[in-house]
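Quick notes on the structure that follows.
The values are calculated or read from the model by the stated rules, or taken from the named source; none is laboratory data. Quick caveat: nothing in here was measured; it's all calculated off a predicted structure. Glycine gets a Cβ as well: all are built from the backbone with ideal geometry, and neighbour counts include every protein chain shown.
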Amino acid sequence: MKKYSFEDLPAAVGELADKLTVIESLIKSRPQSPSPEKLLTIEETARFLGLTRQTIYERVARREIPVNKKGKRLYFLQSDLLNWIRSGKVKTNDEIQLDADDWINKAKANST
């Protein structure tokens, strides 16, 4: 680490201020991603999932979709909805083949 004398301080402070300006501009120019913990209303959830409000209500009644209820109002966490969507992912043939190969290799290793 460089040691500064008292005479060097004004220049060092100027360098720090310049670097801070650059850092601030980089932070401000970063695209803001939506917060995964965003709370959605039923209307926002319907738009987010591309479903009708009625379909959302039906899935809530059948306990098929993650929901938070406060009084008579329904709220949905965006992160819960994303996880719910991901849980229904169908594996590709290649993924199934890799899983099968892994299972066979583990079975062979355990049998020896």
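In table form, for the structure just shown:
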| item | result |
| --- | --- |
| Residue within the range 11-30 that is of a type outside the set (A, V, I, L, M, F, W, C), touching a residue at least 12 places away in the same chain (Cβ under 8 Å) and loosely packed, with under 10 Cβ neighbours inside 10 Å present | no |
| Output for the range 56-76, where each listed residue is more than 18 Å from Glu44 (Cβ to Cβ) and either among the acidic types (Asp, Glu) or part of a helix (DSSP H, G or I) (or both) | Ala61, Glu64 |
| Single unsatisfied condition, Ser79 versus (1) loosely packed, with under 13 Cβ neighbours inside 10 Å; (2) in a helix (DSSP H, G or I) | (1) |
| Residue count for the range 82-92, restricted to those that are of a type outside the set (Gly, Ala, Ser) and loosely packed, with under 10 Cβ neighbours inside 10 Å | 4 |
| Pick from the range 1-55, criterion assigned to a helix (DSSP H, G or I) and of a type in the set (Phe, Trp, Tyr), ranking: modelled with the lowest pLDDT | Phe6 |
| Flag for Lys91 being part of a strand (DSSP E or B) and not hydrophobic (A, V, I, L, M, F, W, C) | no |
